[in-house]
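Report on the following structure.
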Amino acid sequence: MIIIITSQTKDLDSQPNPQFGRTPYFIKYDLESDEWEALENPAQKEPGGAGIAAAQFVIDNNAKAVVSGRFGPNAHDVLRTAGVELLTFDANCTSIKQVIKSYKEGSLTKG
């Protein structure tokens, strides 16, 4: 199963990014193989509609769940309609590794 996490930089030690649509990077993580890759957010610099464009990017990358600090209403609607689970992290998640661990433990908040 693929999850996508909003990230400040391109590695697992990065701080998770609280913004969904304007996050610089997404970490695409495969829970079955523990393989991952950093993806630049193509919607980051959109003048408008960044949340919708980022949501479509997540869907196009076959994510079953997406984790961020918060989601705008348009992104929320697009992701929900596509059947993608939305989750939020809290202040205890200081790295992408911690977000992944929290996901596996089931301790993230449903968005």
Working only within the stretch 55-111, note down all residues that are more than 16 Å from Phe20 (Cα to Cα) and of a type in the set (Phe, Trp, Tyr). Tyr103
When you look at Leu12, is it part of a strand (DSSP E or B), under 23 Å from Lys101 (Cα atoms) and aliphatic (A, V, I, L, M), yes or no? no
Residues satisfying the stated conditions in the stretch 15-29, i.e. outside any loop (DSSP other than H, G, I, E, B) and either touching a Gly at 6+ places or on another chain (Cβ under 6 Å) or not charged (D, E, K, R) (or both): Pro16, Gln19, Tyr25, Phe26, Ile27, Tyr29
Suppose we keep only residues that are in a loop (DSSP other than H, G, I, E, B) and either of a type in the set (S, T, N, Q) or on the phi > 0 side of the Ramachandran plot (or both) within the stretch 49-86. Which one would you say is surrounded by the fewest Cβ atoms within 10 Å (Cβ to Cβ)? Gly83
Quick one: count up the residues across the stretch 89-101 that are modelled with pLDDT of 95 or more and either touching a His at 6+ places or on another chain (Cβ under 7 Å) or crowded, with 18+ Cβ neighbours inside 10 Å (or both). 3
Here is a list: Glu46, Glu32. Which entry is at pLDDT below 95, in a loop (DSSP other than H, G, I, E, B) and either over 12 Å from the mean Cα position of the chain (by Cα) or crowded, with 16+ Cβ neighbours inside 10 Å (or both)? Glu46
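The values are calculated or read from the model by the stated rules, or taken from the named source; none is laboratory data. Quick caveat, the model's predicted, so the values are computed rather than measured. Glycine also receives a Cβ, built like all others from the backbone with ideal geometry; neighbour counts cover every protein chain displayed.
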